[in-house]
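What follows is a single structure, written as structure tokens, with notes after it.
Only the coordinates and a few stated rules stand behind these numbers; no lab work does. Just so it is clear, the model here is predicted, and its values are computed rather than measured. Quick reminder, even Gly has a Cβ in these numbers, built from the backbone with ideal geometry, and neighbours come from all protein chains shown.
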Amino acid sequence: MLLDEREVVANMASTDPLLECLMIFCRLLGVSKSKDQLIAGLPMEGNRIGINLLPRAAARAGLACKIIQGDLGQISQLVQPTLLLTQDNSACILVRKTAEEAILLFPEDPQMEVAVPLAELQKSYAGYYVLLKKEYRSDKSNREIYQVKTDHWFWGTIKRYKPIYRDVLIGSLFINLLALVSPLFTMNVYDRVVPNQAFDTLWVLALGVGIAYSMDFILKSVRAHFLEVTGKKIDVVLSSKLFEHTLNLKMKAKPHSVGSYASNLREFDSVRNFFTSASLVTLIDFPFSIIAVLTIGWIAPMMMIVPAVAMPLVFAYGYFARVPIMAAMEHVYSSGSQKNSVLVETLTGLETVRILGAESWAQRKWEQAVAHSSNWGIKAKAWTSSVFHVSAVIQQLASVATVVLGVYLISDQNMTMGGLIASVILTSRAINPMAQAAGLAANFQQTKLSLNGLEEIMQRPVENDPEREFVERSHFDGDVEFIDVSFKYPTQEYNALEKVNLKIRKGEKVAIIGKIGSGKSTIGKLIMGLYDPIEGSVRMDGIDLKQVSIADIRRNVGYVPQDIILFSGSLKENLLIGSPFATDEQLISASVLAGVSDFANHHPKGFDMAVGERGEGLSGGQRQCIGLARALINDPQVLILDEPTNSMDSSTEERFKKHISVLLENKTLVLVTHKSTLLPLVDRVIVLHQGKVVADGPKEAVLEALKNGRLKVG
């Protein structure tokens, strides 16, 4: 009965049993993490992390996670407590067990241990349990001193599949051994079967060759399958890492050109293809050329001279050509990024291009980028083709040289006719991988450039550094303080803020005003943790925001920027895009407060209406209403509104002021505005000028000083 009651609770849409159990483990193991820190950015489905995402969520808490299929009886006391998966898509924690009963912790009441008969637990057990333990992480300074290497984002992932590549290498050995069957079969037919008309021997040899070819087919098919499956797994893992890192980038590390950055990310395809396609097969087969050479030596030692001379020649030219290929590919790579940048920038601002009649300007930039890319592409292609052509010529000359040398050896009775034919086949077999490897020079150079570009991306600083331990703050009271804060945007030469000191107390309503470029919006971005000050500190409830997880900050701070960006999808999806756990009641309440319900209710599809890419199906005022609703939906303690009614009509603005004034009770408000009509919402005004605070005080006193010209802000 007890389990049945808990099953009803666990299946409620608002709960996530795995996440709750993970939080219990964090508490048991002394790990201080909030739920937002564990799930921020994870691709959850149905608002649950699911068993597939559990290891990634656990890793954020510094916990090693291993999912095991097995019976309850095999769970040793040494690994308890243990997370158990149950058949109702829920979970619980096995604290300890005896022969008769199990002591469990359920996510609905993590403080109360419940004794359950072992037989009853066995009925609901799904057959999987999860081991979680705290990972040992040496101090970063010690790792630097002793040069302890951590797994590389790319090579570490490749290393995880080392057993598969080992098996592929072993399979390639047998494939290359089987490749000797054809020349040896031909040699024996010419030397033994034809002179003696040994037809029985012929059929035996043919049968053996047929069996060998069948094995060769099977081995090549299995090898290709392993490489394909491994390539897909690596693709999923590395693509996820790259995109997760991109989403986690600090704003100061944000790419200046979105198109160029996207082009760099797309180059991951060339890296993946190089390590998981026929290119890798060629590299694997390359060392086995020596087998063919040794076989030639077994037939006739003197015949080894030809491949011994030809193979270094092919390699030497490929090595020589890599320098101009590398130079050309660098230009192709950079010009390709520039071309993609022009394309994305033009498409994004297509309406502006049309309004200004700037088609000529855009066309000129595009054609210049294409011309530059094409010129260097031709040079790269020419050098790449020359590698293939030179390799082919050397291979053909080697075949001729083998025949010429073989004729002399036959005349001296040091070789048979069958041996000559086999040597010709084996010589081609020995040189061919070398020629293909030389031809891969261009692909390798492109892969190297792409990997270097991706490495540069992965080295950029991120907001949630896994090496750092953040202070857990699931709730903030709302005290905000700037202490000697100076800040400069990465692309600017002068400071946006200069030695700013201000303190906003819990529940205080403050307006920040000033001329354009005075640093008003920067205040809000620093409170949100979008940027870090270059000097001084920004604190909330007395804690420097650098010590707090970004996920906790943004859960407790609602921010409405000047430019509201929407994404393709429905209105509801855009409202809940950052609040997957919000209820319908929260959605409707925020929509009413922000004015979203006014236009949603008049649409046939309501909240299911499509907004279009970047919200192009909505007006500026409607987009601003959606931005407001996003900020209000989680009922944050701190609200930062940057020109919240800039695109609203007067009636919508008045309704917003009426609704928001009720919501702001006991909340901290930071209002950035040029509109005097919004000042009734605040009690205090801060005036910024050229990044400095020039006035701070009660609203009436500051406005009076401005009116009488006692403040010099112009």
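See the values below:
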quantity	calculated
Sequence-distant residues sharing a close amide H with Asp642 (under 5 Å, placed H)	Val560, Val672
The stretch 289-331-the stretch 188-261 distance, computed between alpha-carbon centres (Å)	22
Backbone N under 19 Å from the Val592 label point (7 Å along Cα→Cβ), restricted to the stretch 601-645	601-603, 606-608, 625-636
Part-to-part distance (alpha-carbon centres) for the stretch 26-51 and the stretch 95-135, which is given in Å	20
Nonlocal amide H pairs with Leu566, under 5 Å, H built at 1.01 Å	Arg614, Gly615
Label-to-label distance, nm, for residues given as Ser537 and Ser570 (7 Å Cα→Cβ offset)	4.6
Given Lys658/Lys699; Lys515/Lys572; Lys252/Lys379; Lys252/Lys365, the pairs whose alpha carbons are separated by over 31 Å	Lys515/Lys572; Lys252/Lys379
Within the chain, percent of DSSP bridges classed antiparallel, to nearest 5	70
From phi via Karplus (6.51, -1.76, 1.60), per-residue ³J(HN,Hα) for the stretch 175-190 in Hz, x at Gly/Pro	4, 6, 5, 5, 5, 6, 4, 4, x, 5, 4, 4, 4, 5, 5, 5
Whole-Hz couplings from phi, Karplus 6.51/-1.76/1.60, listed for the stretch 570-585; x for Gly and Pro	7, 4, 5, 4, 5, 6, 9, 4, x, 9, x, 9, 5, 7, 5, 5
Relative packing of peptides 16-24, 562-570 - highest average C-beta neighbours within 10 Å first	16-24, 562-570
Fully extended contour minus Cα-Cα distance, from Glu455 to Ala64, at 0.36 nm per residue	138.2 nm
Computed over the stretch 593-714: relative contact order in percent, which uses C-alpha pairs under 8 Å that are six or more apart	19
Rounded if a/c under 1.5, otherwise prolate or oblate - the stretch 25-84, Cα gyration tensor axes	oblate
log10 of Debye I(q)/I(0), alpha-carbon scatterers only, for the chain at 0.08 Å⁻¹	-0.88
Gain on full stretching of the segment that runs from Glu665 to Val404 - 0.36 nm per residue minus C-alpha separation	84.2 nm
Average Cα contact separation per residue, the chain, under 8 Å, 6 or more apart, as relative contact order %	11
Over 22 Å (Cα to Cα) - which of Lys499/Lys520; Lys605/Lys657; Lys503/Lys707 fall in this group	Lys605/Lys657; Lys503/Lys707
Amide H contacts of Ala126 (H built 1.01 Å from N, under 5 Å, at least 5 apart or other chain)	Leu85, Thr86, Gln87
Derived scalar couplings ³J(HN,Hα) [the stretch 403-409; Karplus, 6.51 cos²θ - 1.76 cosθ + 1.60; whole Hz; x for Gly, Pro]	5, 4, 5, x, 4, 5, 5
Inter-part distance where the stretch 343-384 and the stretch 654-693 are each reduced to a Cα centre, Å	45
